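A quick write-up on the structure given underneath.
Read-outs throughout are calculated quantities, based only on the coordinates presented, and are distinct from any laboratory measurement. Since the model is a prediction, treat every value here as computed from it, not as a measurement. Quick reminder, even Gly has a Cβ in these numbers, built from the backbone with ideal geometry, and neighbours come from all protein chains shown.
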Amino acid sequence: MGTESTMIALGSDGYMLVFNMFSFTIAAMLSAFVFFILRRSAVAPQYRMSLVVSSLVVGIAAYHYIRIFDSWNHAYDMATGMYNPALFNDAYRYVDWLLTVPLLLVELILVLNLGRDKSGPLLTNLSIAAVLMIALGYPGEVMSATAKTSMMSEYGMWGFLSTIPFAYILFVLWGKLGSAMESQPERVRVLFRNLRLLLIATWGFYPIVYCLPYFGMDIASSIVSIQTGYAIADVLAKAGYGVMIYAIAREKSAADGWREAA
Ligand SMILES: *C/C=C(C)/C=C/C=C(C)/C=C/C1=C(C)CCCC1(C)C
């Protein structure tokens with residue numbers, strides 16, 4: 001929850017933009033959920049677990065977006081056009097990330113097929129880093145909008161601390177994906193390269209969204225941009241990413257000589 005109860009003049013345009021964005025996000029997550037469940041049998045058995053995990057990720061996100069949507073409506077007063085940040089619960093988003101980010105890492109590691117001895121420790125290190133990244137970002141996120149305008153502030157400090165495990169995760173994944181690509185058939189290699197780009201671009205988007213209040217925006221616009229920005233990033237990093245994992249699993253199944261039963 002926001003730590004102050006000062007009302008903000010958000011206006012109906014800003015409110016509706018975020019409202020529509022959340023509604024779209026719920027639709028995207030739910031349809032991705034159905035897609036991953038239905039397409040499980042379209043990949044070889046050893047890749048099915050990554051599709052199961054993809055469906056968990058978008059299922060968890062759909063649930064949280066339904067709660068976030070509700071919280072957003074609750075925090076805004078139609079009659080006055082005022083928004084009360086203390087009534088919006090940022091914890092839904094951060095708890096969602098806490099659950100889904102480690103699962104997104106599991107999806108990737110499953111499809112990399114590194115073998116049990118390498119996958120276990122890799123996943124442990126990356127998950128610890130992911131939990132630290134999210135836990136260190138949260139105290140900043142719940143600060144009042146007025147406390148978020150300067151980089152040399154407590155808000156900036158939490159953002160910086162969170163960036164350390166974030167950089168570690170991207171560094172490790174970049175290397176692992178690079179070396180995994182070497183041993184793949186050409187078509188799979190192209191897909192891995194695209195997945196790596198999607199991962200860097202979408203995950204890199206979150207700290208940029210976090211920094212939006214620095215760019216001299218007024219408080220109402222920065223609230224609308226943060227909510228819209230995180231929703232776009234979530235659709236791409238969960239549903240879009242899951243579709244790419246599916247494409248890789250399908251290509252690898254074909255390369256392994258597996259055929260879908262008619
Ligand atoms: C599905 C949700 C995903 C992939 C969430 C990813 C979140 C991040 C990469 C967040 C990173 C942050 C920083 C690197 C610094 C500022 C605080 C955060 C938590 C927004």
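Summary table
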quantity: Cα-based helix-to-principal-axis angle, 11-38 vs the chain, degrees rounded to 10; calculated: 20
quantity: Positive-end residue, the range 8-255 charge dipole about Cα centroid, Cβ charges, pick of Y47, M133, L17; calculated: Y47
quantity: Student exercise, the range 8-255 dipole from Lys, Arg, Asp, Glu Cβ charges, in Debye to nearest 20; calculated: 1080
quantity: At R0 = 41 Å, FRET efficiency that the Cβ-Cβ distance of F24 and R116 yields, to 0.05; calculated: 0.55
quantity: Residue order, fewest to most beta carbons within 10 Å, for K252, K238; calculated: K252, K238
quantity: Longest to shortest principal axis, alpha-carbon extents of the range 1-84, angstrom; calculated: 55, 25, 12
quantity: Peptides 145-153, 61-69, 21-29 ordered by average Cβ neighbours within 10 Å, highest first; calculated: 61-69, 21-29, 145-153
quantity: Equivalent ellipsoid dimensions for the chain as semi-axes, Å, which come from the Cα gyration tensor, largest first; calculated: 36, 21, 14
quantity: Residues S31, S55 arranged by fewest to most Cβ contacts within 10 Å; calculated: S31, S55
quantity: Student exercise, the range 1-91 dipole from Lys, Arg, Asp, Glu Cβ charges, in Debye to nearest 20; calculated: 680
quantity: Close Lys-Lys pairs in the range 8-255, where close means Cα under 26 Å and separation is 8 or more or interchain; calculated: 6
quantity: Lys/Arg +1, Asp/Glu -1 at C-beta; the chain dipole; positive extreme among I37, S153, N84; calculated: I37
quantity: On Cα atoms only, tilt of 91-112 relative to the major axis of the chain in degrees; calculated: 20
